[in-house]
Amino acid sequence: MFDFLHKKNTGQQPQSQEQLDDFMQSEKNYQEGIAKLQDLLAPAAIKILPKSIQLGETLARTIFVISYPRYLNSNWFSPIINIDMSIDISMFIHPIETYDILKTLRKSATQVQSQLHIEQEKGLIRDPALETAMQDIDELRDKLQQGTEKFFRFGLYVTVYGQTESELDKTTRSIESILEAQLVYIKPAIFKTEQGFNSTIPLANDELNVGTNMNSAPLSTTFPFVSSTLSNDEGILYGINRHNNSLILFDRFKMENANMVVFAKSGSGKSYAVKLEVLRSLMIGTDVIIIDPENEYKHLCDTVDGSFIKISLNSRNHLNPFDLPMVGDDDDPEDILRNNIASLLGLLHLMLGNITPEEDSILDRAVHETYDIRDINGKTDFNSLTKEAYPTMADLHQVLRNMDGGENLAIRLEKYTEGIFAGFLNSTTNIKVDNKLVVFNIRDMEDDLRPVAMYIILQFIWNEMRTNVKRRMVLVDEAWVMMKSDDAASFLFGIAKRCRKYYTGLTTITQDVNDFLSSRYGKPIVTNSSIQLLLKQSPAAIDVITDTFYLTDQEKFLLLESNVGEGIFFAGTKHVAIKVVASYSEDQIITTDPSQLLEIEQAKKDFEEDEM
């Protein structure tokens, strides 16, 4: 309908029978009052101005590129593609016959060569511009003749939108400054606003018809869809880049810190991805310590001959939270003792619950006295002490019983020293972590004691990290359990901040994103992790994930629609869509599929029977 009115008002008459038929059909529709889709989509009115076109209440202006530098870098147009403004971009590429352009280049080469001879005969100094032009013409002629390059006429148009002319001017200046910094110059389509607007709407009509001759190499640099890559010469294979099928090879220890967080819903492949990283890290000499709440890492541990340490109420494996790390040459024993006492107080808060400020002060004095009765203070040589020299929870219980105001605390502590939980943490440490892979399994631990168990194990690992500095990964699976308590979350955050100094990377894994990020230490742990792996998410958690990681709508939908083992891999400022892949041998080691594990076990039994 707009076309009919426009032709009627401008006096344009149809030139062919087909145009006449369209004209008559439009006239008929207008007379009958039939509303078509284009009538509903079209603005109420359009006003064509010299520098812009008004669509209802919105103004639009088209600008086009008139000049390019001698060299164009890849992805030079990306700042405009990603600019935070409402713009439409059109690229028109018109092929030119190689034969025609070769004739033109031959003529241009003759003209440039003639000019060089004239200047040489006059005794003038050489002109670098002419010599450069001659080199470029010769190089382009060779490539066109060999068929390695093609020639095109390239038109690049951008339509910007605004509510006022001043807003259009501001947007135009922003784009102009970005492009001119790369020696790319633009002009507005003055008195051709209608043609410019029609050239940037999805009709594939180049009505503006302003182009620049360009061969294949510089033209390819304008390709707008450029994906990030994470391929380094060092590290391990994390997966395949789903955008360009490149390998995601990465060394987490080359980042500002080696920490990593993994967020995914149950069954999305997070354990599979983490175990694959563990297996490949072991191959390049990285030690790994894992806190395993669900017995998911036992098959991997048995396969690589690691140490599988079961922690439960009836287990023979014990950890004493009063242990102190070895003192290094640059360590202060008083600081080590003070830090361990602070960790012990956090553990006691977790064990006893609802500690008042007065009770906290009593616990502080009691812990100091517990060390004092074993003659352990800031001047003691910790390196000479045996595991049996350190106090236990029973010693603390005795101190509290004999301390004014400590009777109630002693009663609450009794279940950990004399009650059903006594066998858990009231004994001397009898565990060593001298294997390349160590798995602490807490599957059989009571639900109420799981945060306490994870805290004590992490404290033991922290002391081990300070005692023996080596390239090491520490994995905390189901980390949301610790995030329920402020004291446990604070301790985990403290390790995340400080483990870099001891050549260690902390990996926190969780499927309950809301519980993890609702803690005041959740987001700080994420921001202190240089690497983040997001796999398939549930609709209930996607909004929290989107806000935390500043995801675009496309990335949000990607996480909702991903298959198992697919998601987004963040490494510093880069992030790519990832697909985790494993070889057949790796898959047999790291699989978490119960049916597949049963098949593997049955195959082992059959093999052993055949050997017998």
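Every number here is computed from the coordinates shown, using simple stated rules; none is lab data. What you are looking at is a predicted structure, and each value in this text was computed from that prediction instead of being measured. Glycine also receives a Cβ, built like all others from the backbone with ideal geometry; neighbour counts cover every protein chain displayed.
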- Query: Long-range amide H contacts for HIS243: which residues qualify at under 5 Å (H placed 1.01 Å from N, peptide plane, sequence gap of 5 or more or a different chain)?
  - Reply: ALA577
- Task: Using only Cα atoms, find the angle between the long axis of helix 539-549 and the longest principal axis of the chain, and express it within 0 to 90 degrees, rounded to the nearest 10.
- Result: 80
- Note, ³J(HN,Hα) from phi for the stretch 120-133, Karplus 6.51, -1.76, 1.60, rounded to Hz, x at Gly and Pro: 5, 5, 6, x, 6, 5, 5, 9, x, 5, 5, 5, 5, 4
- With -39,500 (n - 2.57) per DSSP H segment of 4 or more residues and division by the full residue count of the chain, the 222 nm estimate, nearest 500 deg cm²/dmol, is -14000 deg cm²/dmol
- Message: Under 18 Å between alpha carbons, and skipping anything fewer than 8 positions from LYS51 in its own chain: which aspartates and glutamates qualify?
- Response: ASP88, GLU165, GLU167, ASP169, GLU176, GLU194, GLU207
- Just one of (i) 75, 71, 48; (ii) 119, 56, 53; (iii) 106, 74, 61 is Cα extents along the principal axes in Å as worked out from the coordinates here. Which one is it? (iii)
- Report, ordered by chain and residue number, the lysines lying within cross-link reach of LYS103, taken as a straight Cα distance under 19 Å and ignoring same-chain residues fewer than 8 apart. LYS143, LYS150
- List LEU363, LEU49 from most exposed to least, where exposure is judged by having the fewest other Cβ atoms within 10 Å. LEU49, LEU363
- Message: Can you return the aspartates and glutamates within cross-link range of LYS387? Criterion is Cα-Cα under 15 Å, with same-chain partners fewer than 8 residues away left out.
- Response: ASP323, ASP375, ASP395, GLU464
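Nearest 0.05, what FRET efficiency do ARG126 and ILE46 give at R0 = 60 Å with Cβ-Cβ as r?
Efficiency, from the Cβ-Cβ distance: 0.60.
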- Query: Hey, what do the phi angles of the stretch 421-430 turn into as Karplus ³J(HN,Hα) couplings, whole Hz, using 6.51/-1.76/1.60 and θ = phi - 60°, x for Gly and Pro?
  - Reply: 9, 5, x, 7, 9, 10, 9, 6, 4, 10
- Note on the structure: Of the listed links LYS310/LYS574; LYS432/LYS501; LYS170/LYS192; LYS265/LYS497; LYS310/LYS497; LYS254/LYS556, those spanning more than 32 angstrom between alpha carbons are LYS310/LYS574
- Message: Can you tell me the length gained on complete extension of the stretch ASN75 to SER108, counting 0.36 nm per residue apart and subtracting the Cα distance?
- Response: 8.8 nm
- Message: To the nearest 20 Debye, how big is the dipole of the chain about its Cα centre, given +1 on the beta carbon of each Lys and Arg and -1 on that of each Asp and Glu?
- Response: 1880
- Go through the stretch 77-88 residue by residue and turn each phi into a ³J(HN,Hα) via Karplus (6.51, -1.76, 1.60, θ = phi - 60°); whole Hz please, and just put x for glycine and proline. 8, 4, x, 7, 4, 9, 5, 8, 9, 7, 9, 10
- Task: With +1 on each Lys and Arg Cβ and -1 on each Asp and Glu Cβ, and nothing else charged, work out how big the dipole of the stretch 534-586 is about its Cα centre, in Debye to the nearest 20.
- Result: 140
- Note on the structure: Residues whose built amide H sits under 5 Å from the amide H of ASN441, excluding neighbours closer than 5 in sequence, are ASP292, ILE309, LYS310, ILE311
- Residues ASP486 and ARG153, FRET efficiency given R0 of 56 Å [Cβ-Cβ distance, rounded to 0.05]: 0.25
- Task: For the stretch 27-104, run through the chymotrypsin sites (Phe, Trp or Tyr not before Pro) and keep only the ones in DSSP coil with at most 13 other Cβ atoms within 10 Å of their Cβ.
- Result: TYR71
- Note on the structure: The helix 333-352 Cα axis meets the longest alpha-carbon principal axis of the chain at an angle in degrees, between 0 and 90 and rounded to 10, of 90
- Task: May I ask you to compute the full-extension gain from ASP251 to LYS415, defined as 0.36 nm times their residue separation minus their alpha-carbon distance, rounded to one decimal in nm?
- Result: 54.5 nm
- Note on the structure: For the stretch 318-430, one quarter of the surface area of the C-alpha convex hull, expressed in nm², comes to 6.9
- Message: Taking the 0 to 90 degree range and rounding to the nearest ten, how far is the long axis of helix 450-467 tilted relative to the main principal axis of the chain, both from C-alpha atoms?
- Response: 90
